[in-house]
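Below: the structure, in C-alpha cells.
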Number of protein chains: 2
Amino acid sequence: MKKLINKPEDVVVEELQGIALAHPDLVKVHFDPNYIVRADAPVKGKVGIISGGGSGHEPMHGGFVGKGMLDAACPGAVFTSPTPDQMLEATKAVDGGKGVLHIVKNYTGDVMNFEMAADLARAEGIEVESVLVDDDVAVQDSLWTAGRRGVGLTVVLEKIVGAAAEAGYSLKEVAELGRKINSLGRTMGMALTSCTVPHAGKPTFDLPEDEMEIGIGIHGEPGRKRMKLQPVDEIVEMLMEPILKDIPYKAGDEVILFVNGLGGTPLIEQYLVFRKAHEICEKNGIKVVRNLIGPYITSLEMAGTSITLLKVDEEMLKLWDAPVLTPGLRWGI
Amino acid sequence: MKKLINKPEDVVVEELQGIALAHPDLVKVHFDPNYIVRADAPVKGKVGIISGGGSGHEPMHGGFVGKGMLDAACPGAVFTSPTPDQMLEATKAVDGGKGVLHIVKNYTGDVMNFEMAADLARAEGIEVESVLVDDDVAVQDSLWTAGRRGVGLTVVLEKIVGAAAEAGYSLKEVAELGRKINSLGRTMGMALTSCTVPHAGKPTFDLPEDEMEIGIGIHGEPGRKRMKLQPVDEIVEMLMEPILKDIPYKAGDEVILFVNGLGGTPLIEQYLVFRKAHEICEKNGIKVVRNLIGPYITSLEMAGTSITLLKVDEEMLKLWDAPVLTPGLRWGI
C-alpha cells in the first residue's frame with residue numbers, strides 16, 4: 001500500500017488536524033466526537049444544514065462546510081458511517097433556533113445513524129428534518145445499500161440547499177427543496193482502478209489492466225458490468241444513456257452538468273468526459289446552463305469518473321449562483 | 001495504459017474543446033495555434049500576463065486564465081514545450097498597449113521557445129519581458145533543464161503577478177515583482193508512482209511497490225534518491241529540510257505554504273502533508289500566513305506531493321488576497 005500517511009488508524013484525526021490548521025477562518029474542528037462546523041456556528045435564525053458519511057470522499061463533506069453550504073459535517077472512519085453521537089453533537093452545535101436539516105446519502109449505516117441522531121436531537125427539543133440522496137442509476141440494492149446509492153448529486157444538492165438556508169428558507173422549505181433536487185438529479189460512475197482503504201491495506205477489488213467497471217459505487221461497490229476499456233467517448237455514452245432515460249430528461253430541459261473525478265483521474269481527462277457529456281446533452285436538446293468539473297466526491301485514489309445531471313428551474317439556478325465560501329468550493333465572495 | 005481518452009494524439013485538442021464548452025464566461029480558446037485567452041482579452045491599459053508549457057499539469061496553466069491571473073496560456077503536447085508561434089499569437093492577443101510578461105518555467109524547450117516568441121513580438125512592436133521560474137531545490141541540471149526546474153512556485157507567482165497586473169502595475173514592475181517572488185520561493189516534491197504519457201503508452205519510470213522517489217520532477221525527471229516508503233511525517237521532513245535551508249527561511253519570516261497533489265494523491269493525504277509542513281514551519285518560528293492545498297500543478301495521474309514555501313511581504317500578501325476568477329482558482333469575486 002502506497003500512501004502518504006502515518007498509521008492507518010490516525011488518518012482521519014490527522015486529516016482533521018490539517019483542516020483545522022489550514023482553514024481557521026472558515027471552520028472549527030471538534031474532536032471526540034469528530035465534526036467540522038462553520039467558524040461562526042451556530043448562525044442565529046438560520047436553518048442548520050448538516051451532512052456526513054465515511055471519510056475518503058474529500059473534499060466532500062468536510063470541505064463543504066462554510067458560508068452558503070454546510071453548517072457542519074461528520075466524518076466517519078474511511079468508508080465507514082459516522083456515529084449517532086457525532087451527528088447529535090453537530091446538530092446541537094449548529095442549531096440557530098430554526099431547526100436542522102440532515103442530508104443523508106442512502107447507505108444503510110448512514111441512514112440508521114442519522115435517524116437515531118435525529119430522534120435524540122428531537123428529544124432535546126431541536127426540530128430536525130432529513131433529506132435522503134439516492135441518485136445513482138447504476139444499480140439497486142448494492143453492497144451497503146437498500147435501493148439506490150447516494151453519490152454525485154450530493155455535492156450539488158448541498159450547494160443549493162445550503163444557499164437556501166443562507167437566504168432564510170424555513171426548515172420545511174429547505175427539506176422540500178432538497179427532496180425536489182433529489183427527484184430531479186441522477187448520476188452514474190465508472191472506474192479504471194480500485195482504491196485501497198488504509199486499514200485494509202490492499203485494493204478493494206481487482207480489475208485487470210485492460211478492463212473497466214461501469215456503474216461502480218464510490219466505495220468500490222459492484223457496478224453493472226465489467227468490460228474491456230473503451231475510448232472515453234463510448235464510456236460517456238454508456239454513462240449518459242441510463243441517466244437520460246431515467247427521469248427521463250427531455251428536450252427543453254435545463255441542467256447543471258457535474259463531471260466528477262474519483263480521485264486518481266487527471267483533470268485533463270475530466271475535461272474530455274465533460275466535452276462528450278455536453279455534446280450528448282446538446283444532441284438531445286438538453287441545455288447545459290451551469291457546470292462543475294473536478295474531484296469533489298472522490299473514492300480515495302480511484303481512477304474513474306461520474307456524471308451527474310440535475311434538471312433545474314430558476315429558483316435552483318439562483319441558489320446555485322449564490323455566494324459560497326468553503327475550503328472545497330468557493331465563488332461569489 | 002488506462003486512461004479516459006480517445007486517441008492519444010487528440011487529447012490536448014479535445015481537452016481544449018472541453019474547456020471552451022465549460023467556461024465561455026471566463027475564457028476563449030483559440031485553435032491552431034492553440035492558446036487560451038481571457039474572454040475579455042486584450043484588456044486595454046493592462047500589462048498582459050502569459051504562461052505556458054507542456055500539457056498534463058492541469059489546472060496549470062490553462063486553468064489559471066481569467067480575471068486577476070493569466071491573460072493567456074499556451075499548452076504544448078503532454079509534457080512537451082509549446083511552440084513559438086503559439087506564444088507569439090497569444091502575446092499579440094493579450095497586448096493591451098502596456099506590454100506583455102512571459103512567465104517561463106525553467107525547461108530548455110520552454111526557455112528557448114519563449115525567447116524566440118519574445119523576439120518576434122518585439123519585432124512587431126510589442127514590449128515583452130520574461131520571468132524565469134526555477135524554484136525546485138531538489139536537483140541541478142536535470143533531464144530537460146540547465147539549472148533548477150520550475151515547479152510549484154509557478155502557481156503562486158502567477159496568482160500574485162496576475163493580481164499586480166490587474167492592479168495597474170507597469171511591465172517593468174510586474175517583471176521585477178516576478179523575479180523577487182522567484183528569489184523568495186522554493187519547492188521540493190516526491191512521488192509514490194510514475195505517470196503514463198498518453199503517446200508513450202507506458203509508465204515514464206518504474207518504482208517498486210515499496211519505494212518512493214524524493215525530489216522528483218513534474219515530468220518524472222529523476223530526483224535525489226529512491227528509498228523505502230516512509231511515514232508521511234518523515235517524508236515531509238525530508239522535503240522541508242532542503243527547502244528551509246536553501247534561502248534560508250528563518251524565524252520571523254511570514255510565508256505562503258502551498259501543498260500540492262501531483263494528480264493521483266487523494267486530498268485526505270494532502271492535508272496530512274500540510275499538517276506536518278505547518279508544524280515544521282511553526283517549530284522554526286516561521287509563520288504560515290496563507291496556504292493553498294490541492295492539485296494545482298499535476299503530473300497526470302502521478303501519486304505524490306510537492307511543498308512550496310514563499311516568503312511574503314505586505315505587498316505580496318495583498319496581491320495574493322486580491323480577487324481571482326479563473327476555472328482553476330477563484331476567490332473574492
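Every number in this text was worked out from the coordinates using simple rules, so none of it is lab data. The structure presented is a predicted model; accordingly, all values stated were derived computationally and were not measured. Virtual Cβ from ideal backbone geometry, glycine too; neighbours counted across all protein chains shown.
Counts of other chain beta carbons within 10 angstrom of each beta carbon in peptide A:187-196 average 1.
Let me check I've understood the local charge: for A:Ser142, count other residues with C-beta under 14 angstrom from its C-beta, Lys and Arg +1, Asp and Glu -1. What total comes out?
Values: positive: A:Lys105, A:Arg148, A:Arg149, A:Arg224, A:Lys225; negative: A:Asp110, A:Asp134, A:Asp135, A:Asp136, A:Asp141, A:Glu213, A:Glu221.
Every neighbour counted, the sum reads -2.
The modelled label-to-label distance for the pair B:Glu282/A:Arg226, using points 7 Å beyond Cα in the direction of Cβ, is 4.6 nm.
How large is the direction-averaged shadow of the alpha-carbon convex hull of the protein assembly as shown, in nm²? Over every viewing direction, the Cα hull of the protein assembly as shown projects on average to 25.5 nm². For GluC sites (Glu not before Pro), the sites in region A:83-125 that DSSP calls loop and that have at most 13 other Cβ atoms within 10 Å are A:Glu124. The residue list A:Met112, A:Leu70, A:Val100 was ranked by how far each Cα lies along the charge dipole of region A:67-119 toward its positive end, using unit charges on Cβ atoms, and A:Leu70 comes out on top. Dividing the helix sum by the residues of chain A, where each DSSP H run of 4 or more adds -39500 (n - 2.57), gives a mean residue ellipticity at 222 nm of -10000 deg cm²/dmol.
Can you give the net charge of the other residues whose Cβ lies under 12 Å from the Cβ of B:Leu244, counting K and R as +1 and D and E as -1?
Working: positive: B:Arg186, B:Lys245, B:Lys250, B:Lys283, B:Lys311; negative: B:Glu237, B:Glu241, B:Asp246, B:Asp253.
Summing Lys/Arg as +1 and Asp/Glu as -1 gives +1.
If only the Cβ of Lys and Arg carry +1 and only the Cβ of Asp and Glu carry -1, the dipole of the protein assembly as shown around its Cα centre is close to 580 debye. Here the 3J(HN,Hα) profile of region A:92-97, calculated from phi with Karplus coefficients 6.51, -1.76 and 1.60 at θ = phi - 60°, is 5, 5, 10, 6, x, x Hz, Gly and Pro shown as x. The ranking of B:Phe79, B:Phe64 by Cβ neighbour count inside 10 Å, starting from the fewest, reads B:Phe79, B:Phe64. Taking the DSSP bridge list for the protein assembly as shown and keeping only pairs wholly inside it, about 55 percent are antiparallel.
Please label the shape of region B:1-63 as rounded, prolate or oblate, based on the square roots a ≥ b ≥ c of the eigenvalues of the alpha-carbon gyration tensor (a/c under 1.5 means rounded; beyond that, a/b larger than b/c means prolate, else oblate).
Details: a/c = 2.52, a/b = 1.99, b/c = 1.26.
Since a/c reaches 1.5 and a/b is larger than b/c, the shape of region B:1-63 is classed as prolate.
For B:Trp320, the shell of other residues with beta-carbons less than 12 Å away shows a net charge of -3, using +1 for Lys and Arg and -1 for Asp and Glu.
Around the amide H of A:Ile5, modelled in the peptide plane, lie the amide H atoms of B:Val232, all under 5 Å away and 5 or more residues distant in sequence or on another chain. Annotation: the antiparallel percentage among DSSP beta bridges lying fully within region B:182-333 is about 75.
Pairwise Cα distances in region A:135-183 exceed 12 Å for 64 percent of all pairs.
Counting only trypsin sites (Lys or Arg not before Pro) that are in a DSSP loop and have at most 15 other C-beta atoms within 10 Å, tell me the longest site-free stretch of chain B.
It works out to B:45-244.
Give me the inter-chain shielding for A:11-21: mean count of other chain Cβ atoms within 10 Å, whole number please.
Details: counts 5, 1, 0, 8, 9, 2, 7, 15, 5, 2, 10.
That works out to 6 on average.
Averaged over the residues of A:273-280, the number of partner chain Cβ atoms lying within 10 Å of the residue Cβ comes to 4. Applied to region A:144-153, the Karplus parametrisation 6.51 cos²θ - 1.76 cosθ + 1.60 on θ = phi - 60° returns per-residue 3J(HN,Hα) values of 6, 9, 9, x, 8, 7, x, 9, x, 4 Hz, with x for Gly and Pro.
When the Cα positions of A:Thr265, A:Ala191, A:Ile286 are compared along the charge dipole of region A:185-313, A:Ile286 comes out farthest toward the positive end, with charges on each C-beta of Lys, Arg, Asp and Glu.
Could you give me D for chain A, from Stokes-Einstein at 25 °C and 0.890 mPa s, where the hydrodynamic radius is the Kirkwood radius over C-alpha pairs? Units µm² s⁻¹, please.
My calculation gives 125 µm²/s for D.
Placing a label point 7 Å from the Cα of A:Lys172 along the Cα-to-Cβ line, no residue of region A:122-148 has its backbone N under 12 Å from it. Distant-in-sequence amide contacts of A:Leu292, defined by a placed amide H-H separation under 5 Å and a gap of 5 or more residues or a different chain, comprise A:Leu257, A:Phe258, A:Val259. Relative to the Cα centre, the charge distribution of chain B, modelled as +1 at Lys and Arg Cβ and -1 at Asp and Glu Cβ, gives a dipole magnitude of about 440 debye. Cross-link pairs exceeding 26 Å in C-alpha to C-alpha distance, out of B:Lys228/B:Lys250; A:Lys46/A:Lys318; A:Lys159/B:Lys67; A:Lys92/A:Lys311; A:Lys28/A:Lys318, comprise B:Lys228/B:Lys250; A:Lys92/A:Lys311; A:Lys28/A:Lys318. With neighbours defined as other Cβ atoms within 10 Å of a residue's Cβ, the residues A:Asp85, A:Asp321 order from fewest to most as A:Asp321, A:Asp85.
Using the alpha-carbon positions of region B:217-333, Rg (one decimal) and Dmax (whole number) come out as 14.8, 45 Å.
Coupling constants for region B:171-187 follow from the phi torsions by the Karplus curve (6.51 cos²θ - 1.76 cosθ + 1.60, θ = phi - 60°), and in residue order they are 4, 4, 5, 5, 5, 5, 4, x, 5, 5, 4, 4, 6, 10, x, 9, 9 Hz; glycine and proline get x.
Please report how far the C-alpha centroid of region A:133-159 lies from that of region A:1-70, rounded to the nearest whole angstrom. Centre-to-centre (Cα) distance: 22 Å.
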